[in-house]
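Have a look at the structure below before the remarks.
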Amino acid sequence: MTFLELKCKEVINCKDCKRIGCVADVEFDSCNGQICALIVPAPIRFLSCFGKCVHYYIKFCDVVRIGPEIILVDVNLENAIMKDK
C-alpha cells in the first residue's frame with residue numbers, strides 16, 4: 001500500500017462510530033521503517049480558519065483495521081488532539 005492509497009481512506013472511530021476525517025500525513029520511525037502514527041485534520045468548523053489548525057495524532061497501535069475504503073481506529077479523541085502553532 002502506498003501513501004497515496006492510505007491518504008484516500010476515511011478514518012472512522014470505533015468508540016462512537018463517527019467519521020474523523022481523511023489521513024493527511026504519516027509519522028514513521030526512520031530507524032526501523034515502521035509507521036508510528038496517522039495525522040488526521042479535525043473537521044473544519046465555522047471561523048476555524050482564523051484560529052489554529054487542529055489535527056488528531058492517532059498512534060498506529062490504535063488502528064483496528066485498514067480496509068479497502070476506510071480505516072477503523074479505537075481512540076479517545078480528547079487525548080489525540082495536536083494543535084499547530
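What do you reckon, how do Ile58, Ile39 stack up by accessible area (1.4 Å probe), largest on top?
Numbers: Ile58 0, Ile39 25 Å².
So the residues, ranked largest to smallest area, are Ile39, Ile58.
Between Cys36 and residues 5 or more places away or on another chain, which pairs have amide H atoms under 5 Å apart, with H built 1.01 Å from N, and which residues are they?
Glu27, Phe28, Asp29
Do you know the relative contact order of the chain, to the nearest whole percent, from alpha carbon pairs under 8 angstrom that are 6+ apart?
The normalised contact order for the chain reaches 28 percent.
Could you check how many percent of all C-alpha pairs in the chain are farther apart than 20 Å?
31 percent
Ranked highest first by average number of other Cβ atoms within 10 Å, how do 27-33, 62-68, 17-23 line up?
The packing order, highest mean first, is 17-23, 62-68, 27-33.
Determine the gain in length on full extension of the stretch Asn32-Phe3; use 0.36 nm per residue of separation and subtract their C-alpha separation, reporting nm with one decimal.
8.7 nm
The values are calculated or read from the model by the stated rules, or taken from the named source; none is laboratory data. Nothing here was measured: the structure is a model prediction, and the numbers come from that model. Methodologically, a virtual Cβ is constructed for each residue, glycine included, from the backbone with ideal geometry; neighbour enumeration extends over all protein chains shown. For accessibility, only protein heavy atoms count, side chains too; no ligands or nucleic acids. Shrake-Rupley method; radii C 1.70, N 1.55, O 1.52, S 1.80 Å.
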